[in-house]
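First the structure, in the form of structure tokens, and then the observations on it.
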Amino acid sequence: MAKLKVSSSTCQQEELMKLELVKASKKYNREQLFELRTLLVKAIDPLNAAGTDFHEEIMNCLKTAIGEKSDFFDRKGNKAE
């Protein structure tokens, strides 16, 4: 198997980019960012969000595959026998 050779200049560029990210992170008010994140998390309703119906179907499929349900179309959740 061939190994990918990474030049030292690529590593230096990555480190410089990381350093720039750290410098940029100090420019913002961390308390304001925390408050914004808190508002976003509180606004998310995982039980009624878009895609929860799809997630439920995936979970039913998984339960059928591992034997927790005997039939995928059985919505009662009866254990496979």
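General observations
- Contour minus Cα-Cα distance for E20 and D53 (0.36 nm per residue): 7.8 nm
- L36-C61 pseudo-label distance in nm [points 7 Å out on the Cα-to-Cβ vector]: 3.6 nm
- Listed by chain and number, the aspartates and glutamates placed with their C-alpha closer than 19 angstrom to that of K18 amount to none; residues fewer than eight positions away on the same chain are left out.
- Ignoring aspartates and glutamates fewer than eight residues from K42 along the same chain, the ones with Cα atoms less than 19 angstrom from its Cα are E31.
Computed from the coordinates by the stated procedures, all read-outs in this text should not be read as laboratory data. This structure is a prediction, so every number in the text was calculated from the model and none was measured. Heads up, the Cβs are rebuilt from the backbone with ideal geometry, glycines too, and the neighbour counts pull from every protein chain shown.
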